[in-house]
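Readers should treat all values here as calculations from the given coordinates under stated rules, not as data from a laboratory. Keep in mind it's a predicted model, so treat the numbers as computed, not measured. Don't worry about glycine lacking a Cβ; one is built from the backbone with ideal geometry, like all the others, and counts go over all protein chains shown.
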Amino acid sequence: MPVAPYDSATYMFEQAFRNIDDVLRKEAGCTTELDYTEQSSWLLFLKYLAGLEEDKATEAALEALKKSLLHQAFTGEL
C-alpha cells in the first residue's frame, strides 16, 4: 500500500511532538519512557482543557451577542 504524502496538518502535528520530545528530554528530566509518557499525556490533557475553555468562552460571547441583538430587535433599537 503506497504511503500518502504528508499534508501540512500532519507535518505540524509531528513537529509539535518533536518539540515536546525535546523539551521533555532536555528540560523536564524525563529519563524513562514512563516519565515521558506521563508528561506527554499531561501536556495533551492541559492542551485539551485550554481548547475547551476557549470554546466555552466563545459560546458564551456568541450567546450574549444573540441576546443583545434579540433585545434590540424587540425594543426597536436596531
Quiz prompt | Principal axes of the chain: Cα extent on each, largest first, Å | solution = 65, 37, 19
Quiz item: Tally Lys/Arg at +1 and Asp/Glu at -1 over every other residue whose Cβ is under 13 Å from the Cβ of Thr32; what's the total?
Solution: -2
